[in-house]
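J.: The structure is given below, and queries will be raised subsequently.
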Amino acid sequence: MPMNVKGRWGLAQSNGLTINLSLTQDGGSFSGEAEIDASGVQTTEPVAGTVTDEDITFKIGSVHYLGTFTQGRPHGLSIDFADAVKQSTWFAPKTFSRL
């Protein structure tokens, strides 16, 4: 069973961005909106991805998020495919459980 990532939760990136996700989920697929706060400038972008009981991947704009769960908490790497030099680590403090 995949992790249950539906609902509202946030993540922090090592580059200083904070992102709040509002997601719906159908099995291992999810979609919704990402509210991004970049130095006080807020934008909203669509988000879509997949999740298993171990891994999570999603895309916001040109940025791809690759992650894994450790004790129910996701963390990983984000890569901007428009400029691959722009990479950062990310984590979510929320603990998730399986569907």
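The values are calculated or read from the model by the stated rules, or taken from the named source; none is laboratory data. Computed from a prediction, not measured in an experiment: that's the story for all the values here. We place every Cβ from the backbone using ideal geometry, glycine too, and count neighbours over all the protein chains shown. The accessibility values were calculated without ligands, DNA or RNA, using every heavy atom of the protein model including side chains. Shrake-Rupley method; radii C 1.70, N 1.55, O 1.52, S 1.80 Å.
J.: Can you report the number of residues in the range 29-46 which are in a loop (DSSP other than H, G, I, E, B) and either touching a Leu at 6+ places or on another chain (Cβ under 7 Å) or crowded, with 17+ Cβ neighbours inside 10 Å (or both)?
T.: Restricting attention to the range 29-46, the residues satisfying the condition of being in a loop (DSSP other than H, G, I, E, B) are 39-40.
Narrowing the set further to residues that are either touching a Leu at 6+ places or on another chain (Cβ under 7 Å) or crowded, with 17+ Cβ neighbours inside 10 Å (or both) leaves none.
Matching residues across the range 29-46 total 0.
J.: Quick one: count up the residues across the range 51-74 that are within 19 Å of Gln25 (Cα to Cα) and in a strand (DSSP E or B).
T.: Count: 15.
J.: For residues in the range 47-63 being touching a Ser or Thr at 6+ places or on another chain (Cβ under 7 Å) and not β-branched (Val, Ile, Thr), which is surrounded by the fewest Cβ atoms within 10 Å (Cβ to Cβ)? Break it down into steps so the answer makes sense when it comes.
T.: Initial filter on the range 47-63 (touching a Ser or Thr at 6+ places or on another chain (Cβ under 7 Å)): 47-50, 54-55, 57, 63.
Checking the rest, the ones that are also not β-branched (Val, Ile, Thr) come to 48-49, 54-55.
Working: Ala48: 14, Gly49: 22, Glu54: 11, Asp55: 16.
For the range 47-63, the residue satisfying everything is Glu54.
J.: Moving to a separate point now. What number of residues within the range 13-27 satisfy the criterion of being surrounded by fewer than 16 Cβ atoms within 10 Å (Cβ to Cβ) and within 20 Å of Glu54 (Cα to Cα)?
T.: Initially, the range 13-27 is screened for residues surrounded by fewer than 16 Cβ atoms within 10 Å (Cβ to Cβ), giving 14-16, 18, 20, 22, 24, 26-27.
This time we only want the ones that are within 20 Å of Glu54 (Cα to Cα), so: 24, 26-27.
So the count comes out to 3.
J.: Give the range 44-99 a look and list any residue that's acidic (Asp, Glu) and within 15 Å of Gly10 (Cβ to Cβ), or say none. Steps first, please.
T.: Taking the range 44-99 and keeping what is acidic (Asp, Glu), we get 45, 53-55, 80, 83.
Across the range 44-99, the qualifying residue is only Glu45.
J.: Out of everything in the range 78-99 that is open to solvent by 60 Å² or more (accessible area, probe 1.4 Å) and in a strand (DSSP E or B), what residue ends up being nearest to Lys6 (Cα to Cα)?
T.: Result: Arg98.
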